[in-house]
Amino acid sequence: MPAEPATATSEARGTAPGSGRFAPSPSGDLHVGNLRTGLLAWLFARSTGRGFLIRVEDLDRVKAGAAQRQLEDLAAIGLDWDPPVVWQSQRLPLYETALERLTAAGLTYECFCTRREIQQAVIAPHGPMGAYPGTCRNLTERERQQRRAEGRPAALRLRADVTEFTITDRLFGEYRGAVDDLVLRRGDGTPAYNLAVVVDDAEQGIDQVVRGDDLLPSTPRQAYLATLLGLPVPEYAHVPLVLNPAGQRLAKRDGAVTLRDRTALGETPGQVFAALAASLGYADPNTPSDLLKRFRPDNLPREPWRLDPNGLSLPSTCP
Ligand code: GLU
């Protein structure tokens, strides 16, 4: 299978920049942490002359109407994007084609393990934390048939031939992380996030991925998968998350954390945008376009933003 080196970004290939993106899961309203990541993705893309795309990652965790509300909230804080918005649920053939290619190259296998069996399996002493122990990797055809006959649903896993892979991140620098025999298609037939994201980013011409740094550990897997599929590896920037006062990742239960919560308290979307900008070190921009002129990625705070939703102080000079 053709494989490009992990450094094959558009800059390295000397081609025009493609697009950046924001890819929310429509599981509910975006909170200020999600909005801040969306704003950063927009700033990174637009400040480098890239397009900016929105992809609705609706293969699971879908709440009816949430995607539309997310788009409305992004627009309300002043972000724009290039149409069309794409929905992963409408792109299933793309993921199946990628799976067929990997399978034809001998790079997949069926896995019949339940979650519980995986948890109980003894992990090889030097295997990465949480890595799949490889139980189904070398089943004979007969053993596979037996399990199918028992009615066990089969997930499809990658037959990885590395245990680690290195990526370069705009904020973290070189990052080496674990690669295991990750699930590509779940037992219920749903394409796995790690496959869909790789296929979509390449198919959409996305060459810059800006997202929360909770996803950094998944990135070596995704970059490795891209190289196996002969797809270019995008440039990455994993940005710090927003934490609650107890130092945990911000969540809906922390209080008034969504744009709609804040507007119900009498704040304007412009004020919420200004609070996000202030958290990035920029005082008093009126709009994202205004902020864009001043945006310097190298000056971004590298620490998480600690936020007390009950004391979210908004600049008083904003519209
Ligand atoms: N859909 C994922 C999320 O909302 C983001 C995936 C990505 O940016 O790669 O957490």
About the Cα centre, and with charges only on the beta carbon of Lys, Arg (+1) and Asp, Glu (-1), how big is the dipole of the range 177-265? Nearest 20 debye, please. 460
Grab the alpha carbons of the chain, take their convex hull, and tell me the volume per residue in Å³. 148
Using amide H atoms built 1.01 Å from N in the peptide plane, name the residues 5+ places from Val210, or on other chains, whose amide H lies under 5 Å from its own. Arg21, Ala237
At 7 Å along Cα-to-Cβ for each site, give me the label-to-label distance between Gln68 and Thr103 in nm. 3.6
Using a simple spin-label model with points 7 Å from Cα along the Cα→Cβ vector, what separation in nm is obtained for Glu174 and Gln120? 4.2
Distance between modelled label sites at Gln248 and Thr166, nm, 7 Å Cα→Cβ extension: 3.7
Sort the range 116-259 into rounded, prolate or oblate with this rule: let a ≥ b ≥ c be the square roots of the eigenvalues of the Cα gyration tensor; rounded if a/c is under 1.5, and if a/c is not under 1.5, prolate when a/b is larger than b/c, oblate otherwise. prolate
If we sort 259-265, 245-251 on the protection proxy, mean other Cβ atoms within 10 Å, highest first, what's the order? 259-265, 245-251
Local net charge near Pro84, Cβ-Cβ under 14 Å (Lys/Arg +1, Asp/Glu -1): -1
Determine the sum of side-chain charges near Arg148: Lys and Arg each +1, Asp and Glu each -1, restricted to other residues whose C-beta is under 14 angstrom from that of Arg148. 0
0 to 90° range, to nearest 10: angle between helix 32-47 axis and the chain longest Cα axis: 90
Among DSSP beta bridges whose residues both lie in the chain, state the antiparallel percentage, nearest 5. 50
Tail beyond 12 Å, pair distance distribution of the range 235-292 (Cα, percent): 72
Which angle from 0 to 90°, rounded to the nearest 10, does the C-alpha axis of helix 219-228 make with the longest principal axis of the chain? 50
Mean separation of Cα contacts under 8 Å (6+ apart) over length of the chain, as relative contact order %: 22
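We did not get these values from a lab; they are worked out from the coordinates using the rules stated. Fair warning: this is a prediction, and the values are worked out from it, not measured in the lab. Neighbour counts run over all protein chains shown; Cβ positions are idealised from the backbone, glycine included.
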